[in-house]
1. Quick check on L62: is it surrounded by 15 or more Cβ atoms within 10 Å (Cβ to Cβ), in contact with a helix residue (DSSP H, G or I) (Cβ under 9 Å, 6 or more places away or on another chain) and assigned by TED's automatic domain parsing to the domain that holds T122?
2. Are any residues in region 80-123 in contact with a Ser or Thr (Cβ under 6 Å, 6 or more places away or on another chain) and over 14 Å from F15 (Cα atoms), and if so, which ones?
3. If a residue has to be part of a loop (DSSP other than H, G, I, E, B) and modelled with pLDDT of 85 or more to count, how many in region 9-28 make the cut?
4. State which residue is modelled with the highest pLDDT when the search covers only region 79-120 and only residues that are part of a loop (DSSP other than H, G, I, E, B) and either in contact with a Gly (Cβ under 8 Å, 6 or more places away or on another chain) or closer than 18 Å to G144 by Cα (or both).
5. Which numbered condition trips up G42, out of (1) at pLDDT 90 or above; (2) at negative phi?
6. Return the residues of region 33-59 that are of a type outside the set (A, V, I, L, M), surrounded by fewer than 16 Cβ atoms within 10 Å (Cβ to Cβ) and in a helix (DSSP H, G or I); say none if nothing qualifies.
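The values are calculated or read from the model by the stated rules, or taken from the named source; none is laboratory data. Small disclaimer: the values here were computed from a predicted structure and weren't measured. Glycine gets a Cβ as well: all are built from the backbone with ideal geometry, and neighbour counts include every protein chain shown.
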Amino acid sequence: MRSSAQPLFRERQSFRQRRVLLLLAIPPGAMFLLLVWQVILGHPWGTQPMSNARVIGWTVFLWLVYLRLVTVRLVTQVGPGELIVGMRGLWRERHIPLNEIKSAKIATYDAARDYGGYGIRTARRGKAFIAGGNRGVRIELVKGGAVLIGSTRPEELLAAIHRDVSTVSMA
């Protein structure tokens with residue numbers, strides 16, 4: 001059901017948790033310090049130090065992984081006949097045909113308590129796509145199961161879903 005038509009709704013969210021960005025920066029930052037200490041200043045670290053080539057290689061690798069992780073975005077799009085949600089830059093998108101949605105409603109949640117954190121999560125309550133905040137749209141599927149999509153504009157997302165499918169409950 002992919003179409004080049006203009007989407008009814010499109011939202012792109014970045015992960016806003018600064019503490020997570022700082023924690024992710026620790027391994028590449030530590031490798032950079034090791035690179036400075038061993039390669040630039042010439043002081044081998046440890047009793048069996050890594051070669052300078054390995055230190056440089058690991059430093060580059062960890063910085064590339066870090067840069068990849070901090071550029072991941074949660075992208076939600078409602079187009080003709082389908083809802084598309086995914087973490088751009090990491091996972092494939094999930095396509096949900098709108099005729100498979102039994103109901104959709106605005107939901108308030110605690111990401112850590114209800115789903116175990118941010119990102120793509122699977123919990124007792126169903127699958128969740130959360131980049132930040134505490135509001136989104138919870139979708140119940142015809143075949144069973146639920147999907148929560150975190151959004152900074154849940155009212156607009158719900159309206160776009162409802163606009164394309166008259167059978168979706170807006171409860």
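1. no
2. Selection gives P80, V85, S103.
3. 0
4. Among those residues, the one meeting the criterion is Y109.
5. All conditions are met except number (2).
6. Within region 33-59, W37, N52, R54, G57 qualify.
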